[in-house]
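A.B. asks: Structure incoming, see below.
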Amino acid sequence: MKEEIIIAGFGGQGVLSMGKILAYSGIMQGQQVTWMPSYGPEMRGGTANVTVILSDSKISSPLLSRFDTAIILNQQSMDKFENSIKPGGLMIYDPNGITRKPVRKDIKIYSIDAVELSNELGNSKAYNMVVLGAFLSKKPIVSMENVIKGLKKSIPERHHHLIPMNEQAIKVGMEKIEEK
Amino acid sequence: MAEKILMKGNEAIAHAAIRCGCDGYFGYPITPQSEVMETLMEEKPWETTGMVVLQAESETSSINMLYGGACCAKKVMTSSSSPGISLMCEGISYLAGAELPCLVVNVVRGGPGLGTIQPGQGDYFQAVKGGGHGDYKTIVLAPSSAQEMYDFVDLSFELAFKYRTPAMILADGIVGQMMETVELRPIKPRISNEEIIAKYPWATTGKPQNRKQNVITSLAMDAAVHEKLNQNLQEKYKIMERDEVRFETVNCEDAEHLIIAYGCMARICESTVEQARKEGIKVGLLRPITLFPFPTNEIKRLVPQLKTIMSVELSAGQMVEDIRLAVNGKVPVNFFGRLGGIVPSPEEVLDAFKQSISK
């Protein structure tokens, strides 16, 4: 198994931490992982993206030009990464702020209104976990059990009481994903 | 089995320093390596091992604090990125001249000048040819993973003390910022002052009755004395070239073409080699781990079976010169590089490689 993912959106949406939780979940099931962020001034409000690779074997390049999955959370990222998805690959996007819908016909496209769903949950910070749930419903590359273990590893202990809420957010994302 | 932790290469440097018995870190923040000092400040090793962590007022003072600590045979280190390392070069030359062990970590960004905070490999010449003034070298290790960032800290100190020389870890923005799993090695305690006195008779640890005082300096006004000092340094570098070369080869046994790359570019080129092999092209990868001493003999050994060599770097072509010296005109040595912080994809390298072998 090898899954090459780009997660791209605005700084503050939890793009990098979602990638980190995914990577840690992979470690929990004995996989090799790499997490390569865009770094620099963009993390202070501009666009942010992270390349995450989970693999059963050694990972050579941590940087890629083509991806199995693109998780796209703003228009700039749609413009930048729509054409980077491998034929037959997966796109999941948040329709909020998307002014130009994806046009590719050779990939599977789903949307998740994670802003509204996380607000319904009463915690807008669970936004990225709703998106993660949407992704995992289409590509169950890590089990929920390992995601929870990954969450425990990647967030500080003082926030561990929020894990059940995060789990719920993931489940909501899994249920509410829509085919486009 | 030891626990595997997901961490950035920069964070790995900090954890390794604490766990391998480092006595002091002196630095000044600069992207893309600021997590080294941030992690040290978070870990507060002064409360556990007694390791000193100090943010100096500049890179110039950081490197001179290393000089002071190294005179007492303490395990001292700093980290910075390209423009900061340029500021340190005077001090590194003094450390080399005074034969002092220390570790300097350079998480390279794009240059020249302030350049960019994105990854680069344009400091190769500065690192392997000395950097500061005079005839000196530093041992240069080039990690290509977070685990190597961790492991090379202890290795650098070991080599620095073995040869009484500054050692450098030449990383890049990718290896520094990327998170991977890192296995933490067993803790080595800091060595005591008594052990230092017993182990390092050259150190300035206080003059006992039974010997003359130790003088540590790079200054020698007598030409004959100064020539001897230089000859000793050159002898040391020859021994390093004989004993300390480290490299990794991938798919080289039957290779007709060879890609040579280090650091982050070696990772990217490994993917390139995998793709080219699928297309039936017999290409291998040589990854120099020590950039000084350079794996000249391994390149020479491979030359008879090769049709071409390509050096791939995030520079305008620096390591390629050392490759050409090793090859001595026997096979064509091509070059592919990107500048300005742009990192080519494995596919882009593959296209350039295929073009180079069809010439």
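A.B. asks: Condition first: surrounded by fewer than 20 Cβ atoms within 10 Å (Cβ to Cβ) and part of a loop (DSSP other than H, G, I, E, B). Now tell me which residues in the stretch B:278-305 satisfy that.
C.D. replies: Answer for the stretch B:278-305, where residues must be surrounded by fewer than 20 Cβ atoms within 10 Å (Cβ to Cβ) and part of a loop (DSSP other than H, G, I, E, B): B:Glu279, B:Gly280, B:Ile281, B:Lys282.
A.B. asks: Condition check: farther than 30 Å from B:Gln275 by Cα, surrounded by 19 or more Cβ atoms within 10 Å (Cβ to Cβ) and modelled with pLDDT under 95. Does A:Ala169 satisfy that? Write out each step before concluding.
C.D. replies: On the way: farther than 30 Å from B:Gln275 by Cα: yes; surrounded by 19 or more Cβ atoms within 10 Å (Cβ to Cβ): yes; modelled with pLDDT under 95: no.
No: the conditions fail for A:Ala169.
A.B. asks: Inspect all residues belonging to the stretch A:19-36 and state whether any of them is farther than 16 Å from A:Leu132 by Cα and more than 14 Å from every other protein chain (Cβ to nearest Cβ).
C.D. replies: Of all residues in the stretch A:19-36, those farther than 16 Å from A:Leu132 by Cα come to A:27-34, A:36.
Then keep just the ones that are more than 14 Å from every other protein chain (Cβ to nearest Cβ); that gives none.
Within the stretch A:19-36 (the criterion being farther than 16 Å from A:Leu132 by Cα and more than 14 Å from every other protein chain (Cβ to nearest Cβ)), the answer is no, since none of the residues qualifies.
A.B. asks: Could you figure out which of (1) within 25 Å of A:Lys2 (Cα to Cα); (2) modelled with pLDDT of 95 or more; (3) touching a Ser or Thr at 6+ places or on another chain (Cβ under 9 Å); (4) of a type outside the set (Lys, Arg) isn't true of A:Asp106?
C.D. replies: (3)
A.B. asks: For the stretch B:138-181, which residues satisfy the criterion of being in contact with a Cys (Cβ under 7 Å, 6 or more places away or on another chain) and either of a type in the set (Phe, Trp, Tyr) or outside any helix (DSSP H, G or I) (or both)?
C.D. replies: Passing the criteria: B:Ser144, B:Phe157, B:Pro166, B:Asp172.
A.B. asks: If I filter the stretch B:246-275 down to residues being among the acidic types (Asp, Glu) and part of a helix (DSSP H, G or I), which single residue comes out as nearest to the chain's Cα centre (by Cα)?
C.D. replies: Across the stretch B:246-275, the extreme among qualifying residues is B:Glu270.
A.B. asks: Now for a separate question. Taking the residues in the stretch A:125-173 that are of a type in the set (Lys, Arg) and without any contact (Cβ under 8 Å) to a residue 24 or more places away in the chain as candidates, determine which candidate is farthest from the other protein chains (Cβ to nearest Cβ).
C.D. replies: At the first step, the residues of the stretch A:125-173 found to be of a type in the set (Lys, Arg) are A:125, A:138-139, A:149, A:152-153, A:158, A:171.
Of the ones still in play, those that are also without any contact (Cβ under 8 Å) to a residue 24 or more places away in the chain are A:152, A:158.
Working: A:Lys152: 13, A:Arg158: 15 Å.
Applying the filter and picking the extreme gives A:Arg158.
A.B. asks: Ok, one more. I'd like the full set of residues that are surrounded by fewer than 18 Cβ atoms within 10 Å (Cβ to Cβ), at pLDDT 95 or above and either closer than 18 Å to B:Pro344 by Cα or of a type in the set (D, E, K, R) (or both), limited to the stretch B:121-131.
C.D. replies: none
A.B. asks: Still on this model: Does B:Met77 meet the test of being touching a Leu at 6+ places or on another chain (Cβ under 8 Å), away from chain A (no Cβ under 14 Å) and not in a helix (DSSP H, G or I)? Write out each step before concluding.
C.D. replies: Details: touching a Leu at 6+ places or on another chain (Cβ under 8 Å): yes; away from chain A (no Cβ under 14 Å): yes; not in a helix (DSSP H, G or I): yes.
Answer is yes for this residue.
A.B. asks: For the stretch A:65-72, indicate whether the set of residues that are facing chain B (nearest Cβ under 7 Å), in contact with a Pro (Cβ under 7 Å, 6 or more places away or on another chain) and surrounded by fewer than 24 Cβ atoms within 10 Å (Cβ to Cβ) is non-empty. First the steps, then the outcome.
C.D. replies: Going residue by residue through the stretch A:65-72, those that are facing chain B (nearest Cβ under 7 Å) are A:65.
Filter again for in contact with a Pro (Cβ under 7 Å, 6 or more places away or on another chain), leaving none.
Scanning the stretch A:65-72, I find no residue that is facing chain B (nearest Cβ under 7 Å), in contact with a Pro (Cβ under 7 Å, 6 or more places away or on another chain) and surrounded by fewer than 24 Cβ atoms within 10 Å (Cβ to Cβ), so the answer is no.
A.B. asks: Let me ask another. Return the only residue of A:Ser55, A:Ser61 being within 14 Å of chain B (Cβ to nearest Cβ), at pLDDT 95 or above and either buried (at least 24 other Cβ atoms within 10 Å of the Cβ) or closer than 24 Å to B:Arg109 by Cα (or both).
C.D. replies: Matching residue, one of A:Ser55, A:Ser61: A:Ser61.
A.B. asks: Take the residues of the stretch B:154-208 that are within 30 Å of A:Ser25 (Cα to Cα) and acidic (Asp, Glu): which is farthest from the other protein chains (Cβ to nearest Cβ)?
C.D. replies: B:Asp154
A.B. asks: Continuing with this model, one more query. Right, B:Val312: within 14 Å of chain A (Cβ to nearest Cβ) and either at pLDDT 95 or above or in contact with a helix residue (DSSP H, G or I) (Cβ under 9 Å, 6 or more places away or on another chain) (or both) or not?
C.D. replies: Yes: the conditions hold for B:Val312.
A.B. asks: Then there is this: Please enumerate the residues belonging to the stretch B:25-46 that are more than 18 Å from B:Ser145 (Cα to Cα), touching a Phe, Trp or Tyr at 6+ places or on another chain (Cβ under 9 Å) and either modelled with pLDDT under 95 or within 14 Å of chain A (Cβ to nearest Cβ) (or both).
C.D. replies: Correct list: B:Thr31 only.
A.B. asks: Looking only at residues in the stretch B:106-120 that are crowded, with 24+ Cβ neighbours inside 10 Å and touching a helix residue (DSSP H, G or I) at 6+ places or on another chain (Cβ under 6 Å), which one is farthest from the other protein chains (Cβ to nearest Cβ)?
C.D. replies: B:Asn106
A.B. asks: Another question, if that's okay. Take the conditions assigned to a helix (DSSP H, G or I) and either touching a Leu at 6+ places or on another chain (Cβ under 7 Å) or surrounded by fewer than 19 Cβ atoms within 10 Å (Cβ to Cβ) (or both) and apply them to B:Leu350. Does it pass?
C.D. replies: no
A.B. asks: Being modelled with pLDDT of 95 or more and not assigned by TED's automatic domain parsing to the domain that holds B:Gly120: is that true of B:Ile323 here?
C.D. replies: yes
A.B. asks: Which residue, of B:Cys22, B:Cys89, is more than 14 Å from every other protein chain (Cβ to nearest Cβ), crowded, with 24+ Cβ neighbours inside 10 Å and not in a strand (DSSP E or B)?
C.D. replies: B:Cys22
A.B. asks: Another one. Go through the residues of the stretch B:276-296 one by one and say whether even a single one is at pLDDT 95 or above, among the polar types (S, T, N, Q) and closer than 22 Å to B:Leu141 by Cα.
C.D. replies: yes
A.B. asks: Could you list, in sequence order, all residues of the stretch B:157-178 that are closer than 18 Å to B:Leu233 by Cα and among the polar types (S, T, N, Q)?
C.D. replies: B:Thr165
A.B. asks: A follow-up question, please. So which residues in the stretch B:306-327 are of a type in the set (D, E, K, R), surrounded by fewer than 18 Cβ atoms within 10 Å (Cβ to Cβ) and outside any helix (DSSP H, G or I)?
C.D. replies: Scanning the stretch B:306-327 gives a single hit, B:Lys307.
The values are calculated or read from the model by the stated rules, or taken from the named source; none is laboratory data. Keep in mind the model is a prediction, meaning the values are calculated, not measured. Positions of Cβ are backbone-derived with ideal geometry, glycine not excepted, and every protein chain shown enters the neighbour counts.
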